[in-house]
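Just so it is clear, none of the values below were taken in a lab; they were calculated from the coordinates. Since this is a predicted model, take the numbers as computed values, not measurements. We place every Cβ from the backbone using ideal geometry, glycine too, and count neighbours over all the protein chains shown.
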Amino acid sequence: MRMAAFLPAIAVAVSLIFVPVWGVATGRASSAKQLRFGKDGRFKILQVADMHFADGRSTPCEDVLPSQRRGCSDLNTTAFVFRMIDAEKPDLVVFTGDNIFGFDATDAAKSMDNAFSPAITSSIPWAAVLGNHDQESTLSREGVMKHIVGLKHTLSQFNPPGEIDGFGNYNLEVRGAEGSSLANKSVLNLYFLDSGDYSTVPSITGYDWIKPSQQLWFQRTSKKLQRAYVSKPMAQKAPAPGLVFFHIPLPEFASFDSSNFTGVKQEAISSPSVNSGFFATMVEAGDVKAVFTGHDHINDFCGELTGIQLCYGGGFGYHAYGKAGWARRARLITVSLGKTKRTEWGGVKSVKTWKRLDDKHFTAIDSMVLWSKTYGGNRRKKHINRA
Ligand SMILES: *[C@@H]1O[C@H](CO)[C@@H](O)[C@H](O)[C@H]1NC(C)=O
Ligand SMILES: *[C@@H]1O[C@H](CO)[C@@H](O)[C@H](O)[C@H]1NC(C)=O
Ligand SMILES: *[C@@H]1O[C@H](CO)[C@@H](O)[C@H](O)[C@H]1NC(C)=O
């Protein structure tokens, strides 16, 4: 009822105000580093889920073996981020929320400065979204997101309160390889949403959900990007693939069991208790190939539903709950371009993923293809209604 009257107003606000305001609000519209595929036709993303950073050296590790407890702190989380960055040299690091664990962080700003410091000191572009714990220290969700966008090398964006629910709803474009004919087109689209914290509707308990206002923003952004990709010059036939990042898993993450996912499920899917329809919105949009969330630290699987891969990052942080003896982990996503007839780099050919464990051998596991143009393309069949 309330939304019906509210939606037309948002539609106008999104198109007229939001895009320009974001550029001004972040103050880095022109200095922003443009993401682009490398000369090797690859773009690699490191997903860091649930660091749960607090106060650093004085913050102990949770759920490690008794033999690992001594000398284990938030600094092990920092060391793991550095280990991942040094070994994998990602083009972008995405922090999918619960970056800090507010209850135990004495000073939210300081905790965030430390939590994100490996990406900052490595000068790697990074993006963050909020989880349900980031606001539990000395800053509100708005304050946390404002602090994040002021940090070095981040491509995170703040959207002012009011028109769109949440504080970190934004998208990033990844251009084709330099020198190729798609050099000025976004060949890969990354969407970031604020999945909120807890329900504020008295009759509904549990976690928050992705609101209609955010879905409308996503729809309009996706449509705009798709239109640009299929328009001249270098008009493309199918939309550029999209990858979506947020914190709290959708109810659809419960659609799988070990017969049809890769990875493990060791705890319940902690999605909101209502389904706000974002999965259907993404299927309808047609460009999204995979969704990456965190939140459930000891689930780390990917499963495909209706052409979209739903993936967990797997718990990363040592101050986050976990499972003693089950290594902390991170997800990597490599997107590869295909070659055109002229042997020049073209659009995206495949999206692959795997995980690395913070164990002695830095073990890589569960390598899989999430999407590929030849295998997948747009596999939605045309439905002919004969009735
Ligand atoms: C935490 O870091 C310390 C110092 O580098 C190291 O000795 C210890 O093995 C690490 N603990 C775990 C569980 O990785
Ligand atoms: C991309 O844009 C740059 C700068 O405007 C231009 O020099 C270049 O020719 C463009 N490349 C293509 C393939 O359109
Ligand atoms: C996965 O397999 C189970 C049966 O083992 C089935 O109930 C479920 O619908 C399957 N999910 C998908 C997304 O195919």
TM-like helix rule applied to the chain (DSSP H, alpha carbon span at least 18 Å on the long axis, mean Kyte-Doolittle at least -0.5) gives 74-88
Computed over the chain, the Cα gyration tensor eigenvalues, each multiplied by 5 and square-rooted, give semi-axes in Å (largest first) of 31, 25, 22
Taking only the alpha-carbon positions of segment 82-130 as identical scatterers, the Debye log10 I(q)/I(0) at q = 0.16, 0.31, 0.32 Å⁻¹ comes out as -0.46, -1.22, -1.25
Bridge orientation stat for segment 9-372 from DSSP, antiparallel percent rounded to 5, came to 60
Charge tally for neighbours of residue 314 with beta carbon under 10 Å away, counting Lys, Arg as +1 and Asp, Glu as -1, is +1
Any trypsin sites (Lys or Arg not before Pro) in segment 124-208 that lie in a DSSP loop and have at most 15 other Cβ atoms within 10 Å would be 152
Calc'd 3J(HN,Hα), segment 253-267, phi into Karplus 6.51 cos²θ - 1.76 cosθ + 1.60 (θ = phi - 60°), Hz, glycine/Pro = x, comes to 4, 8, 7, 10, 9, 5, 6, 9, 10, 10, x, 10, 10, 10, 8
Those chymotrypsin sites (Phe, Trp or Tyr not before Pro) from segment 75-176 that are DSSP loop and have at most 15 other Cβ neighbours within 10 Å turn out to be 103
Given unit charges at Cβ for Lys, Arg (+) and Asp, Glu (-), the dipole magnitude of the chain about its Cα centre in debye, nearest 20, is 2220
Sorting 205, 95, 280 by the position of each Cα along the dipole of the chain (Lys, Arg +1; Asp, Glu -1; all at Cβ), the one nearest the positive end of that ordering is 280
Cα-based Debye curve of segment 283-364 sampled at q = 0.11, 0.13 Å⁻¹ gives log₁₀ I(q)/I(0) of -0.41, -0.54
Percent relative contact order for the chain, counting Cα pairs under 8 Å at least six residues apart, stands at 18
One checks the Cα atoms of segment 179-273 and finds Rg and Dmax, in Å, of 17.8, 56
Amide H proximity to residue 370 below 5 Å, modelled H, separation 5+ or other chain, gives 351, 352, 353
